Amino acid sequence: METLSLPFLVLSLLVIFSIQASGTNITTKHPAVQDPELVVEEVHRSIDNATARRNLGFLSCGTGNPIDDCWRCDPDWANNRQRLADCAIGFGKNALGGKGGKIYVVTDPGNDDPVTPKPGTLRYAVIQDEPLWITFERDMVIKLKEELIMNSRKTLDGRGASVHIAGGPCITVQYVTNIIIHGLNIHDCAQGGNAYVRDTPEHYGWRTVSDGDGVSIFGSSHVWVDHNTLSNCRDGLVDAIHGSTAITISNNYMTHHDKVMLLGHSDSLMEDKNMQVTIAFNHFGEGLIQRMPRCRHGYFHVVNNDYTHWEMYAIGGSAAPTINSQGNRFLAPNDRFSKEVTKREEASESEWKNWNWRSEGDLLLNGAFFTPSGAGASSSYAKASSLGARPSSLVSTITVNAGALSCKKSSQC
């Protein structure tokens, strides 16, 4: 390995520290459909910087996971929570959440009133019109009576507490933008509906029966779902439909569920043709059956995830989605009829052979196999490229801390 000169090291230190110290906050408008080449370049730099800092000893706790290495090594994270918003990568990298807004502390896990929420409750916080960075006073289990309908510019930040949203309807992100959902345990989500639910301070309306998703993203953009633990919901764990785009789903730990992740509402809904979703650094664990994800139309970058369990298949799709699978680890089940990673739905081979699905640098174990189709040229996957993949041999290190973290104040998380 080439030795770095002392002047180079000093210059690197000055550049890194000056960037961290500046705290410049420049807000620009970003189109929901992004230039994928610029996204790739930016994330390549992010990963290279994370690796270089770790090698130079700047971040002794670094793992090479560019999201985590951006913030987890800071022992003062609790006083600098909004730095997290600068750490997103992939198609959802511009999700601001509540950055720049006030910190709102949830103190009351009960008393969920869907129409007239009380101050101190989670529902009261998420419906406000202003940007809010929402945290939790202590460990709590929140059982909602109806869907938690979020307003734009909100972050749910569960760091520093064990927060469970469970046993009732869960989170709905509908016709909004700039949402971050981080550090929550979301499980046993049920259907809601046939009820009035407030979605802003000024408005409430009648809701029909909901699906019972853990996180339902509907007609929304700039959404980042990171470091959550999800399991056992009525429908999907994370579903994104009806024209949603600019989404990153990262560092989550998912277990014990059938239809894990639906991306795209139906084969006939053309709104989803512009959907771009990054699925990175997640651990798909025990008790999962299918849809990790199941894609329609759109462009999907599945990168550096650890697939340790599936019963039917891992990645599926219909309606000619573009799927770019890079640097994942696929451990097939022992059932010899379930070794295939991929599944095409609602199409004959003469049709799906033209869909652009590729596997690049994936680690296929225990007889796992990925059936590619369509073009092999990289240019065909430009709109489904959102970050630079690490080698699949590093997936276990990158994903070892997937799920909600146990963070203590005044300590590295």
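Would a scan of region 346-354 turn up a residue that is under 17 Å from the mean Cα position of the chain (by Cα) and under 24 Å from H257 (Cα atoms)?
Taking every residue of region 346-354 in turn, none turns out to be under 17 Å from the mean Cα position of the chain (by Cα) and under 24 Å from H257 (Cα atoms).
Restricting the search to region 113-142, which residues are surrounded by 15 or more Cβ atoms within 10 Å (Cβ to Cβ) and over 25 Å from W224 (Cβ atoms)? Lay out the reasoning, then the answer.
Taking region 113-142 first, the residues surrounded by 15 or more Cβ atoms within 10 Å (Cβ to Cβ) are 114, 117, 120-128, 131-136, 140, 142.
Within region 113-142, P114, G120 meet the criteria.
Among the residues in region 267-281, are any assigned to a strand (DSSP E or B), surrounded by fewer than 19 Cβ atoms within 10 Å (Cβ to Cβ) and touching a strand residue (DSSP E or B) at 6+ places or on another chain (Cβ under 9 Å)? Write out each step before concluding.
Here is the first cut: in region 267-281, the ones assigned to a strand (DSSP E or B) are 276-280.
In the following step, the residues that additionally are surrounded by fewer than 19 Cβ atoms within 10 Å (Cβ to Cβ) were identified as none.
No - not one qualifying residue is present in region 267-281.
T155 - would you say it is touching a Gly at 6+ places or on another chain (Cβ under 7 Å), closer than 25 Å to G219 by Cα and of a type in the set (V, I, T)?
Working: touching a Gly at 6+ places or on another chain (Cβ under 7 Å): yes; closer than 25 Å to G219 by Cα: yes; of a type in the set (V, I, T): yes.
Judged against the criteria, T155 is a match.
When the residues of region 68-102 are narrowed to those that are touching a strand residue (DSSP E or B) at 6+ places or on another chain (Cβ under 6 Å) and assigned to a loop (DSSP other than H, G, I, E, B), which ends up nearest to A240 (Cα to Cα)?
Within region 68-102, the match that is nearest to A240 (Cα to Cα) is A95.
Out of the strands (runs of 3 or more DSSP E) lying entirely within region 290-389, which hold 3 or more residues that are among the polar types (S, T, N, Q) and touching a residue at least 24 places away in the same chain (Cβ under 8 Å)? It would help to see each step written out before you state the result.
Working: elements: 294-296, 299-303, 315-318, 322-326, 329-331, 342-344, 357-360, 363-365.
The qualifying strands (runs of 3 or more DSSP E) are 322-326.
Do you know which of the residues in region 390-403 that are of a type outside the set (V, I, T) and part of a helix (DSSP H, G or I) is surrounded by the most Cβ atoms within 10 Å (Cβ to Cβ)?
Taking region 390-403 first, the residues of a type outside the set (V, I, T) are 390-394, 396, 401-403.
Still in the list and also part of a helix (DSSP H, G or I): 392-394, 396.
Working: S392: 23, S393: 11, L394: 16, S396: 13.
Result: S392.
Of everything in region 327-373, what is loosely packed, with under 13 Cβ neighbours inside 10 Å and on the phi > 0 side of the Ramachandran plot? Give them in sequence order.
Selection gives E346, N366.
For region 203-210, state whether one or more residues are β-branched (V, I, T), crowded, with 21+ Cβ neighbours inside 10 Å and either under 27 Å from D272 (Cα atoms) or touching a Pro at 6+ places or on another chain (Cβ under 8 Å) (or both). Write out each step before concluding.
Residues of region 203-210 that are β-branched (V, I, T), as a first pass: 208-209.
Now drop any that are not crowded, with 21+ Cβ neighbours inside 10 Å, which leaves none.
No, because not a single residue in region 203-210 is β-branched (V, I, T), crowded, with 21+ Cβ neighbours inside 10 Å and either under 27 Å from D272 (Cα atoms) or touching a Pro at 6+ places or on another chain (Cβ under 8 Å) (or both).
Hey, can you tell me all the residues within region 145-160 that are buried (at least 22 other Cβ atoms within 10 Å of the Cβ) and either closer than 22 Å to A190 by Cβ or touching a residue at least 60 places away in the same chain (Cβ under 8 Å) (or both)?
Selection gives E146, E147, L148, I149, M150, T155, L156, D157, G158, R159.
Can you report the number of residues in region 74-104 which are surrounded by fewer than 16 Cβ atoms within 10 Å (Cβ to Cβ) and touching a helix residue (DSSP H, G or I) at 6+ places or on another chain (Cβ under 9 Å)?
So the count comes out to 4.
Any residue at all in region 96-106 that is under 14 Å from I180 (Cα atoms), modelled with pLDDT of 95 or more and among the hydroxyl-bearing types (S, T, Y)?
Scanning region 96-106, I find no residue that is under 14 Å from I180 (Cα atoms), modelled with pLDDT of 95 or more and among the hydroxyl-bearing types (S, T, Y), so the answer is no.
The values are calculated or read from the model by the stated rules, or taken from the named source; none is laboratory data. Note that the structure is a prediction, hence the values are computed from the model and not measured. Because the Cβ atoms are built from the backbone with ideal geometry, glycine has one as well, and the counts that use them run over all protein chains shown.
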